[in-house]
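The values are calculated or read from the model by the stated rules, or taken from the named source; none is laboratory data. Just so it is clear, the model here is predicted, and its values are computed rather than measured. Cβ placement follows ideal geometry from the backbone for every residue including glycine, while neighbour counts extend to all protein chains displayed.
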Amino acid sequence: MERTLRGRPEGGRLSGVAPRRLSLPAVHAGELRRLAREAAPREACGLLLGELDGDLARIRELGPAANLEPRPGRFLVDPAAQLAAERRAEAAGLRVLGAWHSHPGGAPEPSPADLAGAAYPLLLVLACGAPGSSPAAPGAWWCLPDGPRRLRVEESAPAPFRAPGGRSKG
């Protein structure tokens with residue numbers, strides 16, 4: 001059974017899409033690092049709202065969420081935060097592209113548990129860093145049933161977003 005995040009066009013699936021690059025505004029990369037540091041030693045987590053354009057996935061908004069998983073080294077996105085992110089994405093003409101979480105003191109690479117729990121396809125961004133450490137750059141993977149594909153992360157200045165109907169947003 002294929003699991004997907006709701007709130008996406010194409011019946012909840014991102015079919016036929018295989019991005020190779022991730023445009024992550026520098027402000028969001030900094031926010032990922034900050035949230036990872038603040039949550040350590042627990043994992044921070046949330047959702048990624050954005051859009052797909054050919055081989056490029058663009059992050060437009062981070063949706064931080066409470067980590068409801070009590071075990072260390074794991075995360076569980078608060079379902080209420082997921083629902084709120086899906087509604088924000090739909091209202092803004094965006095998609096929930098996937099999830100992000102931190103690996104305190106670890107590498108920004110998917111763990112076996114991350115891959116076992118992934119819905120396909122899914123953009124997974126990992127931030128790492130523990131208090132007092134210099135966090136590594138976030139890592140990004142497009143998770144598919146045949147395995148994760150690493151995306152090249154391009155930290156960028158935020159670009160204006162054109163909402164459906166041609167209005168420019170932030």
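Pairs linking a residue in region 88-108 that is among the basic types (Lys, Arg) to a residue that is in a helix (DSSP H, G or I), with Cβ atoms under 9 Å and 6 or more positions apart or on different chains, are ARG95/ALA89.
Please pick out the residue among ALA57, ALA80, ALA39, ALA85 that is out of contact with any helix residue (DSSP H, G or I) (no Cβ under 9 Å at 6 or more places or on another chain) and closer than 18 Å to TRP142 by Cα. The match here is ALA57.
Only strands (runs of 3 or more DSSP E) whose full extent lies in region 28-146 are considered here, and the ones with at least 1 residues that are surrounded by 20 or more Cβ atoms within 10 Å (Cβ to Cβ) and of a type in the set (Val, Ile, Thr) are 56-65, 95-103, 122-128.
Would you say LEU48 is in contact with a Leu (Cβ under 6 Å, 6 or more places away or on another chain) and within 23 Å of GLY147 (Cβ to Cβ)?
In short, yes.
Specify the residue that is modelled with the lowest pLDDT; the eligible residues are those in region 151-167 that are part of a strand (DSSP E or B) and closer than 18 Å to LEU32 by Cα.
Step by step, filter region 151-167, then rank; the result is SER156.
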